[in-house]
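The values are calculated or read from the model by the stated rules, or taken from the named source; none is laboratory data. Predicted model, so just to flag it, every value in this text is computed and none were measured. Every residue, glycine among them, receives a Cβ derived from its backbone with ideal geometry; neighbour counts consider all protein chains shown. What goes into the accessible areas is simple: the full protein's heavy atoms, side chains included, and nothing from ligands, DNA or RNA. Shrake-Rupley method; radii C 1.70, N 1.55, O 1.52, S 1.80 Å.
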Amino acid sequence: MKALILTSVIGIATLFAGVFKMRNNSVWVPLLGLLGVMLTIVADWNTNISWYNNMVRFDNYALAFSGITIAALIFILTISIDHYKGAGNSIADIYGLMVFSVVGAIVMSSFSNLAMLFIGVEILSIPVYILAGSNRRLTSSNESALKYFLMGSFASGILLFGIALVYGATQTLDLDQIALLGPTVQSPMLTIGVLMVLSGFLFKIAAAPFHFWAPDVYEGAPGLVTAFMATIVKTAAFAAFFRLFSTAFVSEESAWFKVLWGITAATLLAGNLTALFQTKMKRLLAYSSIAHAGYMLLAMLTLNKQAGGAILLYAASYTLATIAVFAVMLLVSEAQGSDSLAKFKGLRKNNPFLAVVLAIALFSMAGIPPLAGFFSKYYLFAIALKSNLFYIVIVAIVASIIGAWYYLKSLSMAFLDSDEAPEKIEVGLPTRIVLIACVIGALILGIRPDLILHLI
Amino acid sequence: MQELLQNVRLVPMEHYVWLSSLLFCIGVMGVLLRRNTIVMFMSIELMLNAVNLLLVAFSAYANKPEGEVFVFFVMVVAAAEVAVGLGLLVMIYRNQNTTDSQALQTLKW
């Protein structure tokens with residue numbers, strides 16, 4: 001709860017930093033504040049208190065996922081120190097919106113009432129609609145914002161209708177009571193409601209066949225915002241998804257299990273296969289994020305409480321790798337004027353540091369040992385096999401082989417010799433720190449995955 | 001208040017469910033079929049209001065206030081969403097001089 005209140009206060013303080021024209025110094029308000037929030041999360045560990053008549057409950061699950069989103073925001077804000085150099089006064093608004101969005105992420109990982117779920121989803125989404133359009137004069141940014149807005153509010157509408165039907169069937173919004181009453185309810189409204197909540201979530205996490213908006217939105221939004229959407233929004237959506245379906249809707253398993261099974265397979269294949277044909281880095285990362293959502297959906301299928309740890313590990317390793325790739329991509333596309341894959345050709349020649357970071361991050365995404373990506377995938381597959389999900393694991397393994405192909409393809413670009421190799425790119429100290437932290441994080445989680453796996 | 005709830009209960013619950021499902025479907029069709037973005041916004045509002053109606057009906061039948069309170073939250077969220085959405089539209093109109101959704105198709109594949 002401290003984390004939630006403190007983060008909201010930091011958001012307001014960041015806006016005030018903008019009012020007082022602190023310009024580029026305004027980043028320190030959220031940055032230091034969020035480090036403080038991390039401390040409160042550590043202090044609250046193992047307390048497991050519910051607040052306000054069980055509207056939110058800060059158990060270890062909630063704290064761990066809030067911690068990941070806040071850490072990701074700290075990384076993104078640190079990169080932004082270099083990236084937004086020379087930007088105008090409105091920069092504090094962007095920071096403020098990012099912090100407010102993370103408030104939504106905290107609510108989404110700690111809710112224990114369907115009303116809080118809806119509010120969390122909206123607090124998370126509404127600032128991101130604005131952020132996606134924050135490059136006001138660029139048509140692609142406008143289009144991205146509008147598409148995200150329409151798809152996002154459409155999905156919330158479906159989610160909300162599902163919540164209303166579940167309320168009608170069980171006469172309660174409380175997760176624990178829904179879990180208790182669920183098996184006794186005969187009404188078809190509960191089944192339909194659960195399926196509508198499911199499809200609302202699938203829209204939000206961009207699972208196939210609801211993924212068509214994601215590549216457009218990711219490509220059009222400003223790079224840093226795309227990194228925000230690919231990491232924080234996705235992690236928060238999964239935190240809420242798993243929290244809801246592993247507690248309240250377990251009894252309705254017969255209704256959603258087969259649907260989710262098919263969607264997981266479709267997401268894994270659609271994401272990875274379409275990524276093969278991409279020529280732009282941002283779009284490739286968009287499809288790869290769809291594919292990674294597929295792996296995380298695999299854990300949802302197990303209906304296993306332990307799967308929470310596996311999702312947490314996967315989210316952490318995915319976040320580290322994604323932020324590193326995005327940081328490199330931002331630098332290269334700024335220097336080269338485009339994020340096309342061809343512009344990465346010969347990156348190694350003049351920028352060995354960036355090329356090595358890119359290599360480690362992409363290796364981690366592709367799931368090559370000893371990096372974090374390998375072990376997080378391994379645990380997901382192991383848990384799925386333990387629950388007798390044999391066929392879907394085979395699909396996932398095939399998908400990850402396809403995935404390795406395009407990650408290595410884009411990586412080979414960077415290590416090829418080329419005459420048009422990018423000039424030496426200046427990497428500022430803050431970005432350098434983030435890149436090194438991501439690489440070290442990927443290595444540590446690869447060697448000691450149990451650090452995170454058994455947290456919850 | 002009790003009298004009001006009794007009046008709500010004069011109509012069978014199924015009717016509320018069907019009516020709001022119908023409104024919701026009209027909203028969904030509006031978002032999917034219309035090209036003017038302002039009409040699409042209106043359709044999303046219609047979807048949310050269908051949910052509000054459903055929540056109020058359920059809450060009157062269950063004789064619990066949760067659903068009615070939730071409706072206030074939904075209204076606030078809907079207002080915030082519209083504020084952002086119209087802001088985005090104004091921005092787009094300034095750049096493109098149109099609010100037709102077909103004009104925004106630069107991002108593909």
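Are any of the residues in region A:302-317 within 14 Å of chain B (Cβ to nearest Cβ), of a type outside the set (Ser, Thr, Tyr) and in contact with a Pro (Cβ under 7 Å, 6 or more places away or on another chain)? Walk me through how you get there before you give the answer.
At the first step, the residues of region A:302-317 found to be within 14 Å of chain B (Cβ to nearest Cβ) are none.
No, there is no match, as no residue in region A:302-317 is within 14 Å of chain B (Cβ to nearest Cβ), of a type outside the set (Ser, Thr, Tyr) and in contact with a Pro (Cβ under 7 Å, 6 or more places away or on another chain).
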Need pairs with beta-carbon distance below 8 Å; first residue more than 23 Å from residue A:449 (Cα to Cα) and within region A:379-398, second of a type in the set (Gly, Ala, Ser) and open to solvent by less than 60 Å² (accessible area, probe 1.4 Å); sequence gap 6+ or separate chains. A:392/A:265; A:392/A:384; A:395/A:265
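So which residues in region A:188-217 are open to solvent by 10 Å² or more (accessible area, probe 1.4 Å) and either in a helix (DSSP H, G or I) or within 11 Å of chain B (Cβ to nearest Cβ) (or both)? Steps first, please.
Initial filter on region A:188-217 (open to solvent by 10 Å² or more (accessible area, probe 1.4 Å)): A:188-189, A:191-192, A:195-196, A:199, A:203-204, A:209-213, A:216.
Listed by number, the residues that qualify are A:188, A:189, A:191, A:192, A:195, A:196, A:199, A:203, A:204, A:212, A:213, A:216.
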Going through region A:320-348 in order, the residues found to be polar (S, T, N, Q) and surrounded by fewer than 24 Cβ atoms within 10 Å (Cβ to Cβ) are A:333, A:336, A:338, A:340
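Please determine, by comparing only the residues of region B:35-48 that are more than 10 Å from chain A (Cβ to nearest Cβ) and in contact (Cβ under 8 Å) with a residue 12 or more places away in the chain, which one is surrounded by the most Cβ atoms within 10 Å (Cβ to Cβ). So that I can check it myself, show each step before the final result.
Step one: filter region B:35-48 for residues more than 10 Å from chain A (Cβ to nearest Cβ), giving B:35-36, B:38-39, B:42.
Restricting the remaining residues to those that are in contact (Cβ under 8 Å) with a residue 12 or more places away in the chain gives B:35-36, B:38, B:42.
Values: B:35: 11, B:36: 14, B:38: 12, B:42: 16.
Ranking the qualifying residues of region B:35-48, first place goes to B:42.
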Subset of region A:49-106, residues at pLDDT below 90, of a type in the set (A, V, I, L, M, F, W, C) and part of a helix (DSSP H, G or I), comes to A:81, A:91, A:92
Mind checking which residues of region A:408-456 are assigned to a loop (DSSP other than H, G, I, E, B) and open to solvent by less than 80 Å² (accessible area, probe 1.4 Å)? A:418, A:421, A:422, A:425, A:427, A:428, A:449, A:455, A:456
Given the conditions (1) closer than 23 Å to residue A:223 by Cβ; (2) surrounded by fewer than 24 Cβ atoms within 10 Å (Cβ to Cβ), every one holds for residue A:270 apart from (1)
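Just checking, how many residues over region B:76-91 are at the interface with chain A (Cβ under 8 Å from one of its Cβ atoms) and touching a residue at least 40 places away in the same chain (Cβ under 8 Å)? Show your work before the answer.
Initially, region B:76-91 is screened for residues at the interface with chain A (Cβ under 8 Å from one of its Cβ atoms), giving B:77, B:80-81, B:84-85, B:87-89, B:91.
Applying the additional criterion that residues be touching a residue at least 40 places away in the same chain (Cβ under 8 Å) yields B:85, B:89.
Summing the residues that are at the interface with chain A (Cβ under 8 Å from one of its Cβ atoms) and touching a residue at least 40 places away in the same chain (Cβ under 8 Å) in region B:76-91 gives 2.
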Here the residues within region A:390-408 that are within 25 Å of the chain's Cα centre (by Cα) and over 18 Å from residue A:270 (Cα atoms) are A:408
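Would you confirm whether any residue within region A:264-277 is within 11 Å of the chain's Cα centre (by Cα) and either among the polar types (S, T, N, Q) or on the phi < 0 side of the Ramachandran plot (or both)? Please lay out each step first, then the result.
Applying the first criterion (within 11 Å of the chain's Cα centre (by Cα)) to region A:264-277 yields none.
No; the residues of region A:264-277 include none that is within 11 Å of the chain's Cα centre (by Cα) and either among the polar types (S, T, N, Q) or on the phi < 0 side of the Ramachandran plot (or both).
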Pull up region A:5-25, narrow it to residues that are surrounded by fewer than 19 Cβ atoms within 10 Å (Cβ to Cβ) and of a type in the set (Val, Ile, Thr), then point me to the one that is farthest from residue A:63 (Cα to Cα). A:19
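Can you tell me which residue is nearest to residue A:172 (Cα to Cα) among those in region B:63-75 that are open to solvent by less than 20 Å² (accessible area, probe 1.4 Å) and at the interface with chain A (Cβ under 8 Å from one of its Cβ atoms)? Spell out the reasoning first.
Looking only at region B:63-75, we keep the residues that are open to solvent by less than 20 Å² (accessible area, probe 1.4 Å), and these are B:67, B:70-71, B:74.
Those still in the list that are at the interface with chain A (Cβ under 8 Å from one of its Cβ atoms) too: B:67, B:70, B:74.
Numbers: B:67: 8, B:70: 11, B:74: 17 Å.
Restricting to residues being open to solvent by less than 20 Å² (accessible area, probe 1.4 Å) and at the interface with chain A (Cβ under 8 Å from one of its Cβ atoms), the top hit is B:67.
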For region A:150-164, which residues satisfy the criterion of being open to solvent by less than 10 Å² (accessible area, probe 1.4 Å) and more than 7 Å from every other protein chain (Cβ to nearest Cβ)? A:152, A:155, A:156, A:159, A:162, A:163
Filtering region A:138-149 down to residues that are open to solvent by 10 Å² or more (accessible area, probe 1.4 Å) and more than 7 Å from chain B (Cβ to nearest Cβ), which residue is farthest from residue A:91 (Cα to Cα)? A:147
Assuming residue B:55 fulfils every condition listed in (1) touching a helix residue (DSSP H, G or I) at 6+ places or on another chain (Cβ under 8 Å); (2) more than 7 Å from every other protein chain (Cβ to nearest Cβ) apart from one, which condition is it? (2)
